[in-house]
Amino acid sequence: MSVTRIFVAGHRGMVGSAILRQLEARNAQGAALELITRTRAELDLTDQAAVRCFMEAERPDIVILAAAKVGGIHANNTFPADFIYENLMIECNVIHQAFAAAVQRLLQLGSSCIYPRAAPQPMAEEALLTGVLEPTNEPYALAKIAGIKLCESYNRQHGTDYRSVMPTNLYGPGDNFHPENSHVLPALIRRFHEAAQNGAESVTIWGTGSPRREFLHVDDMAAASLFVLDLPKEIYDANTQPMRSHINVGSGTDIAILDLARLVAEVTEFKGRIETDPSRPDGTMRKLMDVSRLERMGWRARIDLRDGIENAYRWYLDNLETARV
């Protein structure tokens with residue numbers, strides 16, 4: 001049996017670790033996969049020479065690019081140069097050096113923030129580059145758009161099979177629960193947990209609470225990523241376009257932030273008041289993905305939001321000493 005060598009870039013991140021777990025489960029079931037990983041200390045993906053040497057030495061058959069610099073509204077507003085530079089460098093180095101090492105199949109993970117601020121809802125793949133981006137995360141969004149276009153350009157010029165999946169807001173085991181630099185759901189989990197533990201009378205959430213967001217458990221995202229990676233090329237090509245080749249991945253449903261906060265309060269057993277702070281930015285008012293393309297190909301999300309939040313909260317409690325909290 002031939003062995004397939006797969007490099008998972010970003011295997012310690014939330015998405016990368018979920019993908020790695022599912023690949024390891026395939027090996028446990030008899031698959032012949034050699035899984036290649038490197039920590040950031042072992043391989044700096046922003047270092048072109050280091051990535052070139054790594055690809056030349058390892059010669060993977062498949063590359064899964066899950067590595068990225070990520071963060072919430074506060075982090076994006078505070079470190080815009082870091083977000084655009086690091087993500088562009090990671091994408092350019094990994095994608096080009098994969099091509100140089102004759103890697104024929106690559107999967108790149110992006111973000112739903114690639115779509116215009118005023119994109120029609122739900123956001124279809126065709127909405128890409130049709131309007132102005134959300135200012136609070138424009139640098140990150142531009143880098144993720146560049147990743148899509150890198151894959152498409154190498155496919156068009158060199159005949160590679162480089163694919164892109166664009167997830168909605170992700171959460172779950174391995175998330176970042178930092179009080180300032182995390183995304184909305186893990187931030188709420190931490191704040192409501194601490195408020196419940198401290199007996200606080202109220203928790204104040206950013207903005208008006210009216211924006212609606214879609215959430216997808218990271219295990220669903222990992223399953224969708226491998227589903228897209230495994231698709232025969234003729235099926236992938238038949239459901240995409242050369243210049244619109246990315247595929248949305250989401251749950252297909254959304255929830256108001258205030259309702260999300262109420263749900264988190266229930267899970268964490270917080271009994272106090274929930275207040276809003278309209279002086280803080282709301283960001284985009286609605287971000288719901290059109291996932292009909294992926295559903296037509298045979299995949300849909302399975303993990304219910306409340307079940308997923310309970311799972312994420314258990315992980316948070318089990319990892320208070322070691323997680324990024």
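Any chance the range 80-91 includes a residue that's buried (at least 24 other Cβ atoms within 10 Å of the Cβ), without any contact (Cβ under 8 Å) to a residue 60 or more places away in the chain and closer than 14 Å to His246 by Cα?
Within the range 80-91, not a single residue is buried (at least 24 other Cβ atoms within 10 Å of the Cβ), without any contact (Cβ under 8 Å) to a residue 60 or more places away in the chain and closer than 14 Å to His246 by Cα.
Looking at Asp254, is it without any contact (Cβ under 8 Å) to a residue 40 or more places away in the chain and either in contact with a strand residue (DSSP E or B) (Cβ under 9 Å, 6 or more places away or on another chain) or surrounded by fewer than 22 Cβ atoms within 10 Å (Cβ to Cβ) (or both)?
no
Applying the selection to the range 269-296, what residues are out of contact with any helix residue (DSSP H, G or I) (no Cβ under 7 Å at 6 or more places or on another chain) and either of a type in the set (Phe, Trp, Tyr) or in a loop (DSSP other than H, G, I, E, B) (or both)?
Of everything in the range 269-296, those that are out of contact with any helix residue (DSSP H, G or I) (no Cβ under 7 Å at 6 or more places or on another chain) and either of a type in the set (Phe, Trp, Tyr) or in a loop (DSSP other than H, G, I, E, B) (or both) turn out to be Lys271, Pro278, Ser279, Arg280, Asp282, Thr284, Met285, Leu288, Asp290, Val291.
Among the residues of the range 299-316, is there at least one that is modelled with pLDDT under 95, charged (D, E, K, R) and either out of contact with any Ser or Thr (no Cβ under 9 Å at 6 or more places or on another chain) or surrounded by fewer than 16 Cβ atoms within 10 Å (Cβ to Cβ) (or both)?
Within the range 299-316, none of the residues are modelled with pLDDT under 95, charged (D, E, K, R) and either out of contact with any Ser or Thr (no Cβ under 9 Å at 6 or more places or on another chain) or surrounded by fewer than 16 Cβ atoms within 10 Å (Cβ to Cβ) (or both).
Checking Pro179 against (1) in contact with a helix residue (DSSP H, G or I) (Cβ under 7 Å, 6 or more places away or on another chain); (2) surrounded by fewer than 22 Cβ atoms within 10 Å (Cβ to Cβ); (3) in contact (Cβ under 8 Å) with a residue 24 or more places away in the chain; (4) not in a strand (DSSP E or B), which single condition isn't satisfied?
(3)
What are the residues in the range 94-136 that are of a type in the set (Lys, Arg) and modelled with pLDDT under 95, if any?
Answer for the range 94-136, where residues must be of a type in the set (Lys, Arg) and modelled with pLDDT under 95: just Arg117.
Scan the range 188-247 for residues that are of a type in the set (Gly, Ala, Ser) and part of a helix (DSSP H, G or I) and report the count.
7
How do the pairs read when you match residues in the range 30-46 that are in contact (Cβ under 8 Å) with a residue 12 or more places away in the chain with residues anywhere that are of a type in the set (D, E, K, R) and surrounded by fewer than 18 Cβ atoms within 10 Å (Cβ to Cβ), using Cβ under 6 Å and keeping only pairs 6 or more apart or on different chains?
Glu34/Arg5; Ile36/Glu58
Which residue is modelled with the lowest pLDDT, if the candidates are limited to the range 266-294 and must be under 25 Å from Ser251 (Cα atoms) and either polar (S, T, N, Q) or touching a Cys at 6+ places or on another chain (Cβ under 7 Å) (or both)?
Thr284
Criterion first (under 19 Å from His193 (Cβ atoms) and either of a type in the set (Gly, Ala, Ser) or crowded, with 20+ Cβ neighbours inside 10 Å (or both)) does Ala261 satisfy it?
yes
The values are calculated or read from the model by the stated rules, or taken from the named source; none is laboratory data. For clarity, every value in this text was computed on a predicted model and none was experimentally measured. Cβ: placed from backbone, ideal geometry, glycine included. Neighbour counts: every protein chain shown.
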